[in-house]
Structures are given as structure tokens and as C-alpha cells.
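Just below is one structure, and these are the notes that go with it.
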Amino acid sequence: MRIRKATALAATVLALSLTATACGSDDADSTDNGGSASDNGGDTGSDDGGLEGLTIGIKFDQPGLGLLTPDGDYKGLDVDVATYIAAELGVDADDIEWLEAPSPERENLISRGDVDLVVATYSITDARKESISFAGPYFVAQQDLLIRVDDEVNSEEEINDLTLCSVAGSTSAQNLRDNVAPDAGLHEFATYSECLSGLEGGTVDAITTDDAILAGYAAQPEHEGKFKLAGLNLNDEYYGVGLAKGDTELRDSVNEAIEKMIDDGSWAEFVEANLGPAGYEAGSAPEITETD
Ligand code: GLU
């Protein structure tokens, strides 16, 4: 585990989750871009036994969700959600180490103990729960297609005739292959941003993944007027916080943090600040389901 703590996690997480105050923000300027708290020699534990730091996996190339900016800041809904949760666990934004968690790597990063949490547009599925556990969900997206602005895709049936791009190890690629359009061509990369030049250049007809991710790409200044969402709801995707399999104490603390974030209005603020500029209209916050 990469959780850096002065004393036993069991005592600290539960105690701190009841008492710590929230400090999530829509701006990750104060986050640690480089080293981790453990780089300080691991002797900086707080006197009350609180966690010294957390290593959290996010996406680095998904505007509105998880983005490493050219200035070295981390921005997006997942960054704000993760920062809020960390604060509830007693960890300052400065003591979060952000690690890139590409879709195919997420379970491995957790199972190896390279990260404490993954907050990376990470859909809760039974298959993933064989190797890791989830807290949440904290958000619901729908799988959709990003297409060129002059194209139309009006039904699932039409997708079988298309060549698509998606990401290996994602529910998007799997649902396309297994359910939506088994006959469609599918190029798979490690990240969605690698699909964008193919869509622009015409080597693929569409990118498929969650609508919140696609809306972020469509709204990037360099893509203005080029792409649009097809508006198909191909699947509901419930985003959870990934953590080590069977760590029920951490899961319960993260669930408490998510509930508080929703109840105190922070969730709605984070959603509006991060997804509103792309014109994305989110539904309401989901119920927590990952309780046992
Ligand atoms: N939410 C889906 C998943 O967890 C697609 C987005 C992603 O790959 O992060 O697979």
C-alpha cells in the first residue's frame, strides 16, 4: 500500500472521516505535481496519527474529468472528487501524489499497491470487483459516440457498419464488441485522446466511450466545430472509487466522504464547474451501492 500514515489506518480513517473538514476545490493549483510525502523520508506523520499522504490514480488526458495541464496542474471532476475525499481522510491537497491511471492499467495499479485510490472515470463492474473493490458510485455517465459534425448516427443498428476507436480494457470497447455492435470495426488504444486524430483524419468514423469524456474533447478549442455527440445511450456507466480488494474500512470512509460531498452541495459545484463549460448536462447524484 502507498497510504502513508503514522499509525494504524483502522483508527485514523474512521476517526478523521468524522471530524475533518472539507476543502475540495475546482482548482488543483495547490496539488503536489512531483514527489510524494514519503519522499520526505516518511517521518512527517501528524501527531494525531492522521494519514501523511495518498497516491491517487486519475486520467491525465480527459478534459473536464482528469487532465494534466501544460502548467503542471491537475484539473477535472475526478480531481475535485479525489481532493475532497482525501481531505475527509485527513490528507491535504499538497500531500496527494497524482499518478496516471490509463484504463487498461487501473486494476493492476491497485492490486500492486502503486496507488491507494483510483478516481478515473472508473465504472463499477462485477468483473473488476474480482480483483479490486469500489466505493461509490459518485457519478453516472452514458456510453455514446463522438462523430464528425456533418455525420449522423441515429440508431445502434447503424454502428455495425462503422469503424470505431476506443480504449483497451474499457467497458466502452467491451460493450461495443459484446452487445452493441459486434460487427463494427474497432481500433483500440491505451487512451481516448489517441483516437482523436483518427476521427479528424477519417481513419475511424466514431470514438465510443462515456458521454462526459466525449463532451470534454468536443469542447476543446482545437476541436471547435469539428465533432459532436451522436446522442445514443448505449449503457449507463456508474463511476466508482477503486481501492484494494476487501479494504472495507477505507471503502466505508470513502463512501461517507462521497455522501457528505453530495449533501453539502460540493458535488453539484464540482459537476457544474468541470462539465458545465462543455455544455454537459449531468443527471442527479447516484445512490451509494458499494456497501458490501
Ligand atoms: N467508464 C468506462 C470504464 O471505466 C469508460 C471510460 C474509461 O475507460 O475510463 O471503462
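The residues listed here are 194, 200, 188, 222; of these, the one that is under 19 Å from residue 64 (Cβ atoms) and either surrounded by 16 or more Cβ atoms within 10 Å (Cβ to Cβ) or away from the ligand (no atom under 15 Å from the Cβ) (or both) is 222.
Scan the range 169-185 for residues that are farther than 15 Å from residue 143 by Cα and either within 14 Å of the ligand (Cβ to nearest atom) or in contact with a Leu (Cβ under 6 Å, 6 or more places away or on another chain) (or both) and the total you get is 1.
Only one of the numbered conditions (1) out of contact with any Cys (no Cβ under 9 Å at 6 or more places or on another chain); (2) in a helix (DSSP H, G or I) is not met by residue 290, and that is (2). Within the range 74-110, the residues that satisfy the criterion of being away from the ligand (no atom under 16 Å from the Cβ) and either small (Gly, Ala, Ser) or more than 16 Å from the chain's Cα centre (by Cα) (or both) are 86, 87, 88, 89, 90, 91, 92, 93, 94, 95.
Quick one: would you say residue 138 is within 19 Å of the chain's Cα centre (by Cα), of a type outside the set (Asp, Glu) and within 17 Å of residue 227 (Cβ to Cβ)? No: the conditions fail for residue 138.
May I ask you to verify whether residue 212 is within 16 Å of the ligand (Cβ to nearest atom), among the aliphatic types (A, V, I, L, M), in contact with a Pro (Cβ under 8 Å, 6 or more places away or on another chain) and touching a residue at least 40 places away in the same chain (Cβ under 8 Å)? The answer is no for residue 212.
Could you list, in sequence order, the residues of the range 273-292 that are free of Cβ contacts under 8 Å to residues at least 40 places away in the same chain and within 20 Å of residue 228 (Cα to Cα)? 276, 281, listed by residue number. The criterion of being closer than 21 Å to residue 141 by Cβ, out of contact with any helix residue (DSSP H, G or I) (no Cβ under 7 Å at 6 or more places or on another chain) and not aliphatic (A, V, I, L, M) does not hold for residue 70.
Laboratory data are not the source of any read-out in this text; all were calculated from the coordinates shown. Please read these numbers as outputs of a predicted model, since none were measured by experiment. Using ideal geometry, Cβ is built from the backbone for each residue, glycine included, and neighbour counts are taken over all protein chains shown.
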